[in-house]
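The structure under discussion appears below in the form of structure tokens.
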Amino acid sequence: MQIFRLSTQHLLRCASAAVLLLASSAFAQNSPAPKPDTRPWMNKALSPDERADLVIKEMTLDEKMNFVHGTGWNGLREGAEIPKGSLGGAGYVQGVPRLGIPGINMADSAVGIRLAAQGSHYATLLPSVLGAASSWDKDALFLYGSVIGRELRDTGYNMSIGGGVDIARDPRNGRNFEYAGEDPVLAGTMVGELARGVQSNQIMGDIKHYAFNDQETGRTTVNVSIDQRAARESDLLAFQIAIGLANPAGVMCSYNRLTIPPSVPTDWACENDYLLNKVLKKDFDFKGFVLSDWGGTHSTVHAALSGLDQEEPGSKYFGDPLKQAVQGNQVPVSRLDDMVHRVLRSMFSTGVIDNPPVTQVVDPFRGRDDAEHIANESIVLLKNAGDILPLNASSVQSIAIIGSHADVGVLSGGGSAQVDAPGGNAINPHPGASIWMEHVYFPSSPLKEIRKHAPNVKVEFDPGTDNAAAAKLAAGSQIAIVFVNQPMSEGMDAATISLPDNQDGLVDAVAAANPHTIVVIESGGPVAMPWIDRVEGVFEAWYPGIGGAQSLANLLFGEVDPSGRLAITFPKNDAQLPHPQVPGIDLVKNPGPGHHRTGELPLFDAPATEGVRVGYKWFESKQEQPLFPFGFGLSYTTYEFSGLKASEHQVTFTVRNSGSRAGTEIAQVYAVLPASTGESSFKRLIAWDRVALAAGESKTVTLKFDPIYLSIFDLGKNKFVLAPGDYEILAGSSSHDTTLNTTVHIAE
């Protein structure tokens, strides 16, 4: 036994410290409460705009300049200086302490907080946003944002820079997992709820990337061309809905260039007068500030006058050059004041000044439970031949689990959305934070969770690296579950929707050896399934988050009924897409695995020839049958629809659970516009609801919707209008399966 000897001098020091501690405690108990801040802008009875204006009157020019640019790359680049006050996140904006205005600490937080490892923090990995959008559950998306917001508060950040709402024009986009699918109404609503959830924690929210940042290939050099009406009815409508719901503090403009005929010439998104001033700030009545994507600023005077309010992450354009432009009257002082006002009023309106974050230990258990709840609703059952699912643990003797590191974890998405895994990457632990674009698996083991649900069943694992070995295990098992994956990341697009690394061959080998094969897909978006007719079950799990394995097991064994429905169409192959290859991808030389395809390419054009016909609208207009349509998903029970009635403001119908167990149907409502609009060859989503039903139960559902969802954009009037004529209203379980229809006539 080791004996410690304490010197008299040491004991005296300890005693003195104790006395001082007691004295300071007593002083603290008896000291008067701090005086309230009586400066006029601290009066909470005033509006955020009034408070911001009062602060601006007291600011020097240099203090104003603090708010229109970041202070550098902070923790994003090795060796970069981290300024005082910064937490080392994605960005930092210096405050004005003498006026009681804190700095802005920004964190990448698309699916959870990035760079947590550098502060020894825990951050919850949520399911991908595309997965969460496939829940069609507004409450789940609000919860999603709430998890991010509360963990940002707990770690000291006061602004999220997540909130991606770019609609999925190309299913191969490396960042689709950060976004909410292909339909502007669904995507805008889901991301709006997510941003509301963030800001409910008195954290500044953000919506990005404004706009048409629909591919990673050449994202800093591509020019997207789309006509103005199609722009307003597609991507910009998604932003309009999200911004209207959330009133976010910030909107991040995107890297790409834009040409919007007939009247908007080519310009960068972050200095596009039409996009920023006319649409965002005037038509959408956006009160917050526009910040550039990191490195997306290209000029000083032109960008400032065109509506950009804050350069991120440095001060190349909005530091001394902007100060000199203001002093030289090239940029009016009133414009600088407007830029600063928008930042300050956002800080006041969200509460980051009145109730700043107080750091505490993140609750990992609460976060994991919330992530599992969202995953339960997000995972989509795509095939269930012969009712192989749900599995019955009492009647199954053996299960083979094959592939995709399903013994240790679930895949996550990469890039600035990458959350650090607790304990490090489950397949490649190493000290420090995640490496940019590495394939990071989180410690949520499907193998372990399946064994928990089937304790008396022989459950064995094969890594799937040798098709013959995998087939041998499958042949000797009653059920084979093959996990396949599609790693995706910011900085690259997939060249094809086909699974990488010959995983199709693995599925074929297993299915040939065992007719009772189930495939679980972990992907950032749609994938081709040439083996679909040779397997009995398919789950699309997306990137399911830290509770993903538990959710998968819950669904496989029927403890949870599958209620996820696709937020994006699954094509059969690349040839079915509007662009058989990603625009500009042929310009990439020697791409290799994980190759950056973002800023290395010459200027090139990517005409959005599909216009408003994104996703399911494209397939319907071309009379093409995809592999799985938008809104599709199976349940362990069945549903019937009846009694549709509609007006230009609402619909009413009945949904009945015609099966033998409880479940939740996503009742979807679509409209076909009159032929005079030129948009009668496809449906458009206008409303939906999650309808929970016991076996045999019926519910009458009444859904109201904004008439803008039936409208077309009139360029002459610069607004949405309802065209006269007959509108076909349809309701059902997917964009393809609309069993009910009626007609609504709108007069001249």
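Considering segment 529-556 alone, what residues qualify as being aromatic (Phe, Trp, Tyr) and either more than 21 Å from VAL147 (Cα to Cα) or outside the structural domain of MET488 (by TED's automatic domain parsing) (or both)?
Selection gives TRP531, PHE539.
Take SER146 and decide whether it is within 28 Å of MET492 (Cα to Cα) and modelled with pLDDT of 95 or more. Reasoning before the result, please.
Values: within 28 Å of MET492 (Cα to Cα): no; modelled with pLDDT of 95 or more: yes.
Criteria not met by SER146.
If ASN376 satisfies all but one of (1) assigned to a loop (DSSP other than H, G, I, E, B); (2) among the polar types (S, T, N, Q); (3) more than 30 Å from PHE289 (Cβ to Cβ), what's the number of the condition it fails?
With respect to (1) assigned to a loop (DSSP other than H, G, I, E, B); (2) among the polar types (S, T, N, Q); (3) more than 30 Å from PHE289 (Cβ to Cβ), ASN376 is out only on (1).
Which residues, counting only those in segment 574-604, are at pLDDT 95 or above and surrounded by fewer than 14 Cβ atoms within 10 Å (Cβ to Cβ)?
Matches in segment 574-604: ALA575 only.
Hey, any hits in segment 496-517 for a residue that's in a strand (DSSP E or B), of a type in the set (Val, Ile, Thr) and touching a residue at least 24 places away in the same chain (Cβ under 8 Å)?
Just the residues of segment 496-517 that are in a strand (DSSP E or B), to begin with: 517.
Now drop any that are not of a type in the set (Val, Ile, Thr), which leaves 517.
Okay, now just the ones that are also touching a residue at least 24 places away in the same chain (Cβ under 8 Å), so 517.
Yes.
Would you pick out the residues in segment 57-113 that are part of a helix (DSSP H, G or I), surrounded by 16 or more Cβ atoms within 10 Å (Cβ to Cβ) and acidic (Asp, Glu)?
Of everything in segment 57-113, just one residue is part of a helix (DSSP H, G or I), surrounded by 16 or more Cβ atoms within 10 Å (Cβ to Cβ) and acidic (Asp, Glu), namely GLU63.
For LYS287, work out the one condition from (1) in contact with a strand residue (DSSP E or B) (Cβ under 7 Å, 6 or more places away or on another chain); (2) modelled with pLDDT of 95 or more it doesn't fulfil.
(1)
Looking for something assigned by TED's automatic domain parsing to the domain that holds GLU50, assigned to a helix (DSSP H, G or I), in contact with a Ser or Thr (Cβ under 8 Å, 6 or more places away or on another chain) and buried (at least 22 other Cβ atoms within 10 Å of the Cβ) - is there at least one such residue anywhere in segment 329-347?
no
Mind checking which residues of segment 638-651 are polar (S, T, N, Q) and either under 18 Å from ILE746 (Cα atoms) or modelled with pLDDT under 95 (or both)?
Those that are polar (S, T, N, Q) and either under 18 Å from ILE746 (Cα atoms) or modelled with pLDDT under 95 (or both): SER647, GLN650.
Can you tell me which residue within segment 539-587, out of those that are part of a loop (DSSP other than H, G, I, E, B) and among the polar types (S, T, N, Q), is nearest to ASP387 (Cα to Cα)? Give the steps one after another, and end with the answer.
Step one: of segment 539-587, the residues part of a loop (DSSP other than H, G, I, E, B) are 541-547, 557-569, 571-573, 577-584.
Narrowing further to those that are among the polar types (S, T, N, Q): 563, 569, 573, 581.
Working: SER563: 16, THR569: 24, ASN573: 27, GLN581: 37 Å.
By that ranking, first place goes to SER563.
Where in segment 629-748 are there strands (runs of 3 or more DSSP E), lying wholly inside it, with at least 1 residues that are of a type outside the set (A, V, I, L, M) and crowded, with 18+ Cβ neighbours inside 10 Å?
On the way: elements: 639-646, 650-657, 663-672, 684-693, 698-704, 712-714, 719-721, 725-732, 740-746.
Counting at least 1 such residues, we get 639-646, 650-657, 663-672, 684-693, 712-714, 719-721, 725-732.
The values are calculated or read from the model by the stated rules, or taken from the named source; none is laboratory data. Owing to the predicted nature of the structure, the values given are computational and were not obtained by experimental measurement. Cβ: placed from backbone, ideal geometry, glycine included. Neighbour counts: every protein chain shown.
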